[in-house]
């Protein structure tokens, strides 16, 4: 007879994956989700933007849409404005699934509370602020701090291997420049992207400029998949491009590449000015965002041109 923490032999285990944040975070979780779908019945708890990504990359994954109030940028701790009724409904729905396992790649006690409330019998995560009490298997952070390595560590604990991806070479000269980002602290000035586009066109590149006005994710994925190179801010579209096999060049400001660089073997980047508060996670202590605004076009272009030439 199977133990209480082991699913019956006639069915696959039910796995809950919690990833409640942005597009880039979700893109980094897709390799884990793909592998998980080979071993378990997987449910992803994520924002609504997960739906088009799952349709394209792992259609067998079930999606429960939930926007956690602590993931909004402003007023996240005004508890009286939290959607308590919706949160109770989500918790009841999760409990009804009778998950065997729940995982989160974030060192976030709020994820661990959700996993505990969901009633999963086996709960894997990276504890913080005493949240190991909510986990049945608290894990040590991986030696490399990148979020993708946290997903890899979870997979290894479950006995799976996330094989490295070897994208097909992109030998064309079509480039997408995406000038948007989820937060203003990550925005390199638009006029400098225009200057980069002009220099690339003069060098024989076919350049398409996109911004956050393109909100249809299916259209964005189609535009990115047709590109041979991607240039943009530290934001979700860069991670989506890498997931699609497109080499990326990222302009970093307040965040660190070793934590969130797109996962592509030809990924490159340039970091903004040093700052003692990095990574500041989108809250700047200064009136002027010098870490990214001090990066001039003349500072970015030599490194970008070298990356384009190496392609």
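The values are calculated or read from the model by the stated rules, or taken from the named source; none is laboratory data. In this text the structure is predicted, and so the values were computed from the model without any measurement. All Cβ positions, even for glycine, are placed from backbone atoms using ideal geometry, and neighbour counts span all protein chains on display.
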Of the residues in segment 115-135, those that are touching a residue at least 40 places away in the same chain (Cβ under 8 Å) and either closer than 22 Å to residue 35 by Cα or surrounded by fewer than 21 Cβ atoms within 10 Å (Cβ to Cβ) (or both) come to 115, 120, 121, 122
For residue 273, are the conditions met, namely being more than 24 Å from residue 21 (Cα to Cα) and touching a residue at least 24 places away in the same chain (Cβ under 8 Å)?
-> no
From the residues in segment 237-260 that are more than 21 Å from residue 297 (Cα to Cα) and surrounded by fewer than 24 Cβ atoms within 10 Å (Cβ to Cβ), which one is nearest to the chain's Cα centre (by Cα)?
-> 260
Counted residues, segment 212-229 - those being touching a helix residue (DSSP H, G or I) at 6+ places or on another chain (Cβ under 8 Å), free of Cβ contacts under 8 Å to residues at least 40 places away in the same chain and assigned to a loop (DSSP other than H, G, I, E, B) | 1
Can you tell me which of 175, 105 is surrounded by 14 or more Cβ atoms within 10 Å (Cβ to Cβ) and farther than 15 Å from residue 45 by Cα?
-> 175
Report whether or not residue 50 is within 26 Å of residue 133 (Cβ to Cβ), touching a residue at least 12 places away in the same chain (Cβ under 8 Å), touching a strand residue (DSSP E or B) at 6+ places or on another chain (Cβ under 8 Å) and crowded, with 17+ Cβ neighbours inside 10 Å.
-> no
State which residue pairs qualify: first residue not assigned by TED's automatic domain parsing to the domain that holds residue 282 and inside segment 72-97, second residue modelled with pLDDT under 95 in any location, beta carbons under 6 Å apart, and separation of 6 or more residues or different chains.
-> 76/70; 82/69
Helices (runs of 4 or more DSSP H) (entirely within segment 17-103) containing at least 2 residues that are under 15 Å from the mean Cα position of the chain (by Cα) and more than 23 Å from residue 157 (Cα to Cα) = 23-36, 50-57
Residues of segment 287-310 being within 14 Å of residue 200 (Cβ to Cβ) and in contact with a strand residue (DSSP E or B) (Cβ under 7 Å, 6 or more places away or on another chain), in sequence order, are 300, 303, 304, 307, 308
How about segment 136-149: which of its residues are crowded, with 16+ Cβ neighbours inside 10 Å and closer than 25 Å to residue 98 by Cα?
-> 136, 138, 139
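Can you work out which of the residues in segment 194-211 that are closer than 28 Å to residue 57 by Cβ and not in a strand (DSSP E or B) is modelled with the highest pLDDT?
205
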One residue from 160, 188 being surrounded by fewer than 18 Cβ atoms within 10 Å (Cβ to Cβ) and part of a loop (DSSP other than H, G, I, E, B) | 160
